[in-house]
Amino acid sequence: MVLCYNNYMKITSGAFENQKPEFVLKTVFGYDTFRPMQKEIIQSVIDGKDTLAVMPTGGGKSLCYQIPALILPGITVVVSPLISLMQDQVASLRAAGIHSVFLNSSLDRESYFSTVDEIKSGQAKIVYVSPEGLSSSRVRSILTESDLKVSCITVDEAHCLSAWGHDFRPDYLEINVIRNIIPDAVMIALTATATEQVRKDIITNLNLKKPQVFISSFNRSNIFLDVQPKRNSIAQIIHCIHKHKDESGIIYCYSRKKVDELVQYLSNAGFSVLPYHAGLSDEQRAKNQELFVNDDVQIMVATIAFGMGIDKPNVRYVINNDLPKSLEEYYQEIGRAGRDGLPSEALLLYSSGDIQKIRYFFDEVADKEQSERLLQNMVRFAETHECRRKVLLNYFGEKYEPKAENADCCCDICACGEVAENNVTIPAQKLMSCVIRTGERFGISYVVDVLLGSKQRKIIDNGHTQLSTWGIGKNISKEDWLALADTLIARNYLRREGDYKIIKVTYAGKSALLNRDEIVLPFEFSGFASAENEKSYDFALYSESKGGVLKKRTGTSRYGVKVAAQKPLAGDKEAERIVSELKNWRKRKADDMNVPPYIIFGDKTLYDIAAKKPKTKSEFRSIYGMGEAKIEQFGKSILRIVEGS
C-alpha cells in the first residue's frame with residue numbers, strides 16, 4: 001500500500017476506495033475521532049449529494065473532501081484561490097502519503113506536462129486548480145478526457161462567490177460552468193464565514209442541486225478575544241509579543257505605510273519581523289511568507305492581503321492594529337491563530353479614528369449602505385460591554401452558552417469578572433464638567449488631556465489652561481479617565497456624536513450635575529497615576545518584570561488581559577526535553593524536504609509524543625496526527641529522540 005517517492009510515502013491509487021471514513025481517518029491522517037459535523041459532511045459527499053459546509057477556520061474543512069477523495073473512484077478537483085494555498089495543501093497531503101498535484105502558473109513547462117500525465121494516468125487522486133485555471137480550455141480539456149473520471153468538485157473559500165462576502169472574486173462565478181461539462185460529479189462548497197445571504201449566493205452561483213447544508217459552530221473556544229482602546233499601540237503590541245515570546249504572530253495594519261513603520265520599529269527593537277503588502281515585489285512577498293511559514297521569522301506585519309493562503313497551525317496571536325471593515329473580515333483574520341486548537345490570542349486595538357479611515361474609501365465601493373452596515377456591526381462589537389464571544393457568535397446566527405469552567409477565558413470583558421458597583425461621583429462630576437466647560441466641541445481624548453493639565457499648543461490656544469477643570473484630574477491615569485468615560489457613555493451620562501466622536505453630556509448627565517446626584521457605576525480604578533511621558537518604554541500601562549517580560553500593573557481595568565499560556569506537561573522535565581529536541585529535529589527535516597515544519601508534524605503531535613513517550617512503532621498509532629505513512633517514514637527518528645539516544 002505504501003511506496004516511496006520524492007522524499008514522501010505514497011498511498012497507491014484506489015487503496016482506500018469503498019473503505020469506511022473512520023478507517024481512512026485513522027490510517028492516513030492519524031486521528032481517532034472526527035471533529036463536529038465532519039463525519040456527516042463526508043458521508044453526504046460520499047452519497048453523491050451536493051453539499052455546502054460552513055465551518056470555522058481550523059475546524060477541519062479539508063478532511064471533508066480529502067477523505068471522500070480517497071474513498072470515491074477517480075479524482076477530486078479542488079478549486080482554490082491562491083497558489084500558496086495549493087502548494088501548502090499538496091505538501092500536507094503528500095506527507096500523509098496521498099498523491100495530489102496542482103496546476104497553476106508556478107509550474108514550468110516540463111513540470112506542467114509531467115503533472116498532466118499523472119492526472120491522465122490516474123495516479124493523482126486530488127487535483128488543485130485556481131478558478132481562473134478551471135475556466136481555461138486547456139484545463140477543461142484535461143478534466144474531460146473520455147477515460148478520466150471526476151467524482152467530486154470541491155470549491156474552497158466559497159464565500160468568494162458572493163458580492164456580500166468580504167473576499168468577492170468574479171472569477172469564482174465561472175465555476176458553475178463545470179457542472180454542465182461534468183454533470184455527474186458531486187460538488188462540495190466550503191467556507192469559514194458565511195451569513196445567510198452569502199450562503200444563498202453560494203448555492204445559487206454554483207447551481208448546487210438540492211444541497212445538504214451544514215453549519216458548524218463558529219466558536220473558536222481556544223482563541224481569547226481581547227479589544228483594547230488604542231492608547232499607545234506600540235506599547236500594546238509589544239506587550240502582546242512579550243507574552244508570546246518565541247511564538248509566531250501576525251499583526252494586521254490598514255495601510256502599507258503603517259506596516260513599514262511598525263516593521264522598522266519592531267526590527268530596531270530586536271524582534272524577528274518582516275512586512276507583507278502589495279507594495280513589495282511578488283518575489284519579496286513570496287520570500288517573506290516562506291520565511292514566516294517555515295518558522296525562520298516569528299512575526300509578520302501585513303495588510304489584509306496576507307493570510308488566506310496560510311495554513312500555519314502554530315500562530316499563537318493575531319493583532320489587529322486597526323479596526324477591520326466587517327466582522328466577517330475580523331473573524332477570518334483572527335481565525336489564523338490557533339488552528340492547532342492550542343490556546344491563542346486575538347488582540348484588536350480600536351480607536352474612533354479607524355472609522356474615518358474606513359469610510360474614506362466608501363466612495364470606491366458599489367454599495368455604500370452595505371459597507372456602512374458592516375462597519376457598524378464591527379463598531380458595536382468593539383464597543384460592547386457584553387461578552388464579546390456572545391456578540392460575535394450572535395452575528396453569525398449562533399447562540400453562545402459558555403461552560404462555567406471556561407467563562408473567564410472567553411474574552412477581556414469576561415476575564416475581568418463582575419466589577420463591583422463603586423461610588424465614582426467626584427471623578428464623574430469632574431469629567432462631565434470638563435466636557436461642558438470645553439464647549440462640548442471635542443473628543444474625549446482632548447477633554448482628558450485638559451483634566452490632566454496638558455500644555456499642548458491646541459489647549460493653550462483655546463484658552464483651556466484657564467479653565468477651573470484644567471489639571472484637576474492629575475491623580476488619575478489617562479487610561480482610567482478614558483475607561484470611566486466609556487462607562488459613563490454606557491450608562492447614558494455621556495454620548496458621542498458625529499463622525500469625529502465629539503463628546504457631549506446627556507440630559508441625565510446634566511441632571512446629575514445639577515442635582516449633585518450620587519453616581520454609582522460598575523467601575524474600578526487601576527490605582528496608578530498618569531505617566532509623565534506616554535511614549536517612553538514604561539508607557540504608563542506596563543511595568544518591567546524581573547524576567548524582562550512586560551506585565552500589567554496591579555488593578556482591575558476592564559481592558560486587562562487574562563490569557564494563561566497553557567504549556568502541556570508542565571513540570572515534566574523529560575517531556576520538555578523531548579518537545580525541544582523534536583522541534584529541532586522537525587525544523588531540520590523540514591528544511592531537508594523543503595516544506596514548512598508543520599507539514600512534518602504540528603505542535604499538538606509533538607506534545608502528545610512527549611506526554612505518551614511511545615517505546616515502539618506500534619504505539620505511535622495512539623499519537624494524535626500520526627498516520628501510517630508518517631509512522632513508516634519518521635518513526636525510527638522519533639523513537640531515538642524519545643529514548644534520548
Per-region count, the stretch 332-342, residues closer than 18 Å to Asp412 by Cβ and either acidic (Asp, Glu) or modelled with pLDDT under 90 (or both): 1
Residue under evaluation Val28, criteria (1) of a type in the set (A, V, I, L, M, F, W, C); (2) in contact with a Phe, Trp or Tyr (Cβ under 6 Å, 6 or more places away or on another chain); (3) in a helix (DSSP H, G or I), criterion not met: (2)
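Each row is one residue, and each column tells you yes or no for (1) open to solvent by 10 Å² or more (accessible area, probe 1.4 Å); (2) touching a residue at least 12 places away in the same chain (Cβ under 8 Å); (3) in contact with an Asp or Glu (Cβ under 7 Å, 6 or more places away or on another chain); (4) not basic (Lys, Arg).
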position: Ile126; (1), (2), (3), (4): no, yes, no, yes
position: Glu132; (1), (2), (3), (4): yes, yes, yes, yes
position: Arg138; (1), (2), (3), (4): yes, no, no, no
position: Leu143; (1), (2), (3), (4): no, yes, no, yes
position: Ile153; (1), (2), (3), (4): no, yes, no, yes
position: His159; (1), (2), (3), (4): no, yes, yes, yes
position: Arg169; (1), (2), (3), (4): yes, yes, no, no
position: Asn180; (1), (2), (3), (4): yes, no, no, yes
position: Arg199; (1), (2), (3), (4): yes, yes, no, no
Can you tell me which residue among Arg389, Arg373 is open to solvent by 40 Å² or more (accessible area, probe 1.4 Å), out of contact with any Gly (no Cβ under 7 Å at 6 or more places or on another chain) and either modelled with pLDDT of 85 or more or assigned to a loop (DSSP other than H, G, I, E, B) (or both)? Arg373
Go through (1) hydrophobic (A, V, I, L, M, F, W, C); (2) under 19 Å from Ser352 (Cβ atoms); (3) crowded, with 19+ Cβ neighbours inside 10 Å for Ile519 and report which single condition fails. (2)
I need the full set of residues from the stretch 431-463 which are touching a residue at least 24 places away in the same chain (Cβ under 8 Å), in contact with a Ser or Thr (Cβ under 7 Å, 6 or more places away or on another chain) and assigned to a helix (DSSP H, G or I), in order please. Ser433, Cys434, Arg437, Val447, Leu451
Residue count, the stretch 23-46, condition more than 13 Å from Gln66 (Cα to Cα) and at pLDDT 95 or above, comes to 2
Checked Pro614, Pro597 against criteria (closer than 21 Å to Leu291 by Cβ and touching a helix residue (DSSP H, G or I) at 6+ places or on another chain (Cβ under 7 Å)); the one match is Pro597
Kindly indicate whether Ala629 is over 14 Å from Ala96 (Cα atoms) and either outside any helix (DSSP H, G or I) or at pLDDT below 90 (or both). no
Among the residues of the stretch 268-285, count how many are open to solvent by less than 60 Å² (accessible area, probe 1.4 Å) and in a helix (DSSP H, G or I). 1
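The values are calculated or read from the model by the stated rules, or taken from the named source; none is laboratory data. Not measured: the values here are computed from a predicted model. Cβ coordinates were reconstructed from backbone atoms using ideal geometry, including for glycine residues, and neighbour counts include every protein chain displayed. Heavy atoms of the whole protein, side chains included, go into the accessibility calculation; ligands, DNA and RNA do not. Shrake-Rupley method; radii C 1.70, N 1.55, O 1.52, S 1.80 Å.
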